[in-house]
Amino acid sequence: MTQYAPLQNDTFLRACMRQATPYTPLWLMRQAGRYLPEYCATRARAGSFMGLATNTDYATEVTLQPLERYPLDAAILFSDILTVPDAMGLGLSFAQGEGPRFATAVRDEAAVDKLEVPDMEKLRYVFDAVTSIRKALNGRVPLIGFSGSPWTLACYMVEGKGSDDYRLVKSMLYSRPDLMHRILAINADAVATYLNAQIDAGAQAVMIFDSWGGVLADGAFQDFSLEYTRRVLAQLKRTGVDGQIVPRLVFTKGGGLWLKEMAPLDCEVLGLDWTVNLGNARALVGGSENGPGKALQGNIDPNVLFAPPAQIAKEVGRVLDSFGAPYQGSGTGPTHIFNLGHGISQYTPPENVAALVEAVHSHSKAQRA
Ligand code: CP3
């Protein structure tokens with residue numbers, strides 16, 4: 001076992017395990033990003049997004065930047081979901097002002113034949129960053145590791161970049177489901193190996209981003225997304241380097257209609273976007289005192305951050321109140337981790353994030369009084 005400093009703020013991990021906390025913990029998807037001028041400055045020094053992500057010191061520096069500004073309750077590894085297909089040899093690049101792009105897309109059987117679970121040595125820079133960030137955090141808050149879901153990775157691998165209509169990946173899904181299943185099986189095993197290596201490097205929780213699960217038709221979601229998320233979860237390590245349980249979080253953007261089908265997933269937390277009412281989700285999957293259930297994470301609309309601080313506080317109150325007072329006993333019960341319903345926009349004023357964090361902590365303390 002590796003020795004790290006003892007954890008000073010365990011509210012996030014406790015809430016993941018459906019245990020009581022004195023306030024509702026929060027972190028923000030994409031909390032280290034372009035809305036922070038200090039991130040842009042480090043990115044400029046690194047020269048490119050991949051320059052940032054592949055350099056241990058830079059990756060550590062930008063992971064800690066949002067924590068220097070705001071009292072957030074968790075850190076998330078600075079990296080990207082597309083590092084895995086990059087390690088499969090697809091050639092990832094991020095042009096300034098553009099989204100991600102692969103040099104090679106996976107469009108036919110010959111390309112699928114070449115795919116395999118990548119050698120994890122190619123992703124050594126990610127695991128080194130995890131260990132370096134764990135040391136730099138010095139027990140301040142827990143570190144979340146992450147990966148894309150098999151389906152979400154497949155979207156980028158087949159399209160070769162982001163897409164508005166998912167035409168190419170859905171063409172393959174409907175015309176050659178056999179090829180799509182082969183890609184997803186390889187992705188699932190790659191993602192599981194990748195997340196286990198992050199856990200071995202020091203990650204204290206792991207999150208699977210199924211960002212494009214919600215673009216699938218009912219039926220297709222279950223067969224091509226959920227089934228392979230399940231395959232990842234079945235392979236994950238349960239304890240980390242400190243001997244502690246490593247909670248697993250699954251976020252399907254647009255997945256609110258399938259909550260009941262996600263309830264049996266072997267994970268601790270379900271992430272929700274802003275279309276879902278947290279009270280309804282709690283009733284469906286949140287469980288009861290000392291019974292099984294999922295902790296819920298989310299789900300304020302990131303665009304709320306463009307309103308003035310008083311409006312932000314009001315919307316924060318609505319989200320916290322829609323969940324209701326979380327479990328406060330000494331066993332387990334329904335709990336909530338506050339987050340955005342999707343990643344923070346690069347145009348967000350940083351001072352508005354301070355207002356949001358303050359409102360979550362103060363309103364959620366008042367909820368428990
Ligand atoms: O949350 C964090 O602070 C940790 C870092 C993180 C990044 N990407 C950094 C990043 C995480 C968790 C991700 C996940 C990710 N990446 C997802 C899943 C979450 C989601 O948003 O749905 C997806 C779909 C990607 C793929 C990706 N990476 C896209 C579509 C883009 C371009 C979008 C944009 O905002 O330009 C990226 C680039 C990226 N990844 C940036 C950051 C901070 C911005 C790029 C830059 O600095 O040039």
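Bear in mind that the values in this text are calculations on the coordinates, not laboratory data. A quick note: this is a predicted structure, and the numbers were derived from the prediction, not measured. No Cβ is skipped: glycine too gets one built from the backbone with ideal geometry, and neighbour counts run over all protein chains shown.
Just a few scattered comments:
- Among the residues listed as Ile208, Ile186, the single one being of a type in the set (Val, Ile, Thr) and surrounded by fewer than 23 Cβ atoms within 10 Å (Cβ to Cβ): Ile186
- Residues that are surrounded by fewer than 18 Cβ atoms within 10 Å (Cβ to Cβ) and more than 13 Å from the ligand (Cβ to nearest atom) were ranked within the range 70-102; the one that is nearest to Ser362 (Cα to Cα) is Pro71.
- Single residue of Ile312, Ile337, Ile344 found to be in contact (Cβ under 8 Å) with a residue 60 or more places away in the chain, of a type outside the set (Gly, Ala, Ser) and either within 18 Å of Arg248 (Cα to Cα) or away from the ligand (no atom under 16 Å from the Cβ) (or both): Ile337
- Residue pairs whose Cβ atoms lie under 8 Å apart, separated by 6 or more positions or on different chains, with the first residue in the range 199-215 and under 16 Å from Phe127 (Cβ atoms) and part of a helix (DSSP H, G or I) and the second within 10 Å of the ligand (Cβ to nearest atom) and of a type in the set (Val, Ile, Thr), do not occur.
- Considered as a group, the residues in the range 9-43 that are more than 16 Å from the ligand (Cβ to nearest atom) and of a type in the set (Val, Ile, Thr) include one that is farthest from Glu351 (Cα to Cα), and that residue is Thr21.
- Within the range 103-116, the residues that satisfy the criterion of being over 20 Å from Ser93 (Cα atoms) and surrounded by fewer than 18 Cβ atoms within 10 Å (Cβ to Cβ) are Asp108, Glu109, Ala110, Asp113, Lys114, Glu116.
- Breaking point among (1) within 16 Å of the ligand (Cβ to nearest atom); (2) touching a strand residue (DSSP E or B) at 6+ places or on another chain (Cβ under 8 Å); (3) among the hydrophobic types (A, V, I, L, M, F, W, C), for Trp258: (1)
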